[in-house]
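First the structure, in the form of structure tokens, and then the observations on it.
The values are calculated or read from the model by the stated rules, or taken from the named source; none is laboratory data. Source: prediction; values computed, not measured. With ideal geometry, Cβ positions are generated from the backbone for all residues, glycine too; neighbour counts draw on all protein chains shown.
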Amino acid sequence: MSKKVLIAVPSIIAARGLERIFSDLGEFEVAGILRSLPLGRETPLQRIKADVLIVDPSGYDADSALSIRSGIAAQCDAAVLGFQSSLLPDEVWRQFDDVVGLYDEPTAVIKKVRDALSTHHEQPDESEPQEQLSQREKEVLVCVAKGMLNKEIADKLNLSIYTVITHRKNITRKTGIKTVAGLTVYALLNNLIEV
Amino acid sequence: MAQLLERNFQLLGVISRLGINFRFGEDTVAEVCRRDGVNTSTFLLICNVYSIAGYTPTEDFLANVDLDDIVKYLKRSHSYYMGEVKGGLREAIDKLTEPCDAARKKVIMGFYHAYEDELEKHFQYEETIVFPYVKAVLAKTAGKDFSIARFEENHTNVDEKLGDLKNIVMKYMPPQCDNALISDVLWRLFMLQLDLEKHTFIEDNILVPVVNRLENNE
């Protein structure tokens with residue numbers, strides 16, 4: 001089944017260009033193009049149920065630009081990529097699963113979207129539950145056990161803070177361990193860290 | 001009374017904490033409660049919490065509950081957790097981790113001690129702040145600088161640590177640890193968790209609303 005993409009980019013030229021990149025493949029279906037994505041209560045997100053969102057943060061004021069990702073997360077569980085049409089502070093870009101730019105090659109755009117989707121949905125396959133921690137989850141766990149904050153982990157492993165949070169949720173779901181102290185014991189007993 | 005215990009033996013802990021004595025022969029619940037000076041309605045309320053899943057106390061019960069008995073029960077539960085339960089659990093975990101290397105033993109025991117400390121701190125807060133406040137409300141001498149609504153905080157962290165400990169012991173103990181000893185520790189942890197759930201329920205759904213009502217009637 002093709003993945004639904006929602007594009008929220010003010011430049012209609014850029015939006016049509018993205019649409020074209022996706023429609024050539026059959027792997028994705030562009031479910032909608034918006035000039036801007038309202039972040040209030042009534043948004044089209046719940047209705048469209050997109051798998052991927054591509055959002056240009058340049059249309060938002062400085063404060064709302066920082067909370068685009070969390071605003072979307074409250075409404076739906078899509079992977080969210082930033083679209084870079086202008087220069088904005090690093091914090092703005094860091095919230096996204098990845099960032100595509102005006103000058104990216106179509107293949108690079110597709111690869112980023114695929115990667116974002118697979119990281120975002122590192123949920124176990126229904127048919128064969130994958131309950132072992134993935135390599136990435138182990139890396140995140142080691143950082144957690146060392147007492148690092150989400151932002152520090154994101155910087156170190158070059159991930160968005162939301163990906164780190166997703167990994168942490170999955171770690172807790174798989175191990176049943178919720179507290180940092182408990183995860184540290186886990187990491188030690190499983191030889192992921194030395195004392 | 002004997003039939004009640006036959007139906008749910010978890011109530012054994014309840015009757016001992018309320019100070020109800022055995023040797024009750026064929027006496028009814030009301031007779032035994034009268035003999036040992038326990039409010040029957042309060043006793044039945046606690047029995048319901050322990051025996052009926054998803055129980056919600058009726059207005060009738062809440063109106064007739066004796067807060068002194070509830071506080072007495074909660075205090076004795078604290079001593080029970082911090083005495084018998086803590087001692088047994090500590091010893092069992094110590095024994096379980098004996099064959100582990102020093103570093104692992106230290107980290108597991110350290111986690112357990114941290115849990116113990118947190119539980120103790122939580123109980124102490126209740127004993128030094130909350131229960132005296134309840135007594136003051138009953139005596140109509142309570143000041144305005146505390147209200148029972150502020151009490152509904154901070155059970156979660158303690159619960160999470162216990163859940164973590166259970167998962168660690170169940171799933172990740174080093175291979176040299178003895179199965180029977182793991183099982184023994186798990187029994188203790190499950191029983192403690194079950195009892196603490198009821199304990200918290202009594203605090204949040206009986207103590208808090210009843211005191212709240214008294215505050216509003218003042």
TODO: Could you tell me whether any residue of region B:161-181 is out of contact with any helix residue (DSSP H, G or I) (no Cβ under 7 Å at 6 or more places or on another chain), within 14 Å of chain A (Cβ to nearest Cβ) and surrounded by 15 or more Cβ atoms within 10 Å (Cβ to Cβ)?
DONE: yes
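Going through region B:113-146 one residue at a time, which ones are part of a loop (DSSP other than H, G, I, E, B), loosely packed, with under 14 Cβ neighbours inside 10 Å and not acidic (Asp, Glu)? Spell out how you get there, then give the answer.
The first filter runs over region B:113-146 and keeps only residues part of a loop (DSSP other than H, G, I, E, B), leaving B:139-146.
Next, from what is left, pick out any that are loosely packed, with under 14 Cβ neighbours inside 10 Å: B:139-141, B:143-145.
Correct list: B:Ala139, B:Lys140, B:Thr141, B:Gly143, B:Lys144.
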TODO: Report whether or not B:Glu84 is free of Cβ contacts under 8 Å to residues at least 40 places away in the same chain, farther than 21 Å from B:Leu214 by Cβ and within 19 Å of the chain's Cα centre (by Cα).
DONE: yes
Open item on the list: So, A:Thr163, is that one assigned by TED's automatic domain parsing to the domain that holds A:Asp51, over 25 Å from B:Pro175 (Cα atoms) and assigned to a helix (DSSP H, G or I) or not?
Closed with: no
Open item on the list: Taking the conditions exactly as written (modelled with pLDDT under 90 and of a type outside the set (Ser, Thr, Tyr)), does A:Asp51 satisfy them or not?
Closed with: no
Task: Search result, residues across region A:31-48 that are within 24 Å of A:Val92 (Cβ to Cβ), at pLDDT 80 or above and of a type outside the set (D, E, K, R) - done: A:Gly32, A:Ile33, A:Leu34, A:Ser36, A:Leu37, A:Pro38, A:Leu45, A:Ile48
Open item on the list: I'd like to verify a number: residues in region A:141-195 that are among the β-branched types (Val, Ile, Thr), surrounded by fewer than 20 Cβ atoms within 10 Å (Cβ to Cβ), within 14 Å of chain B (Cβ to nearest Cβ) and closer than 30 Å to A:Ser67 by Cβ, how many?
Closed with: 3
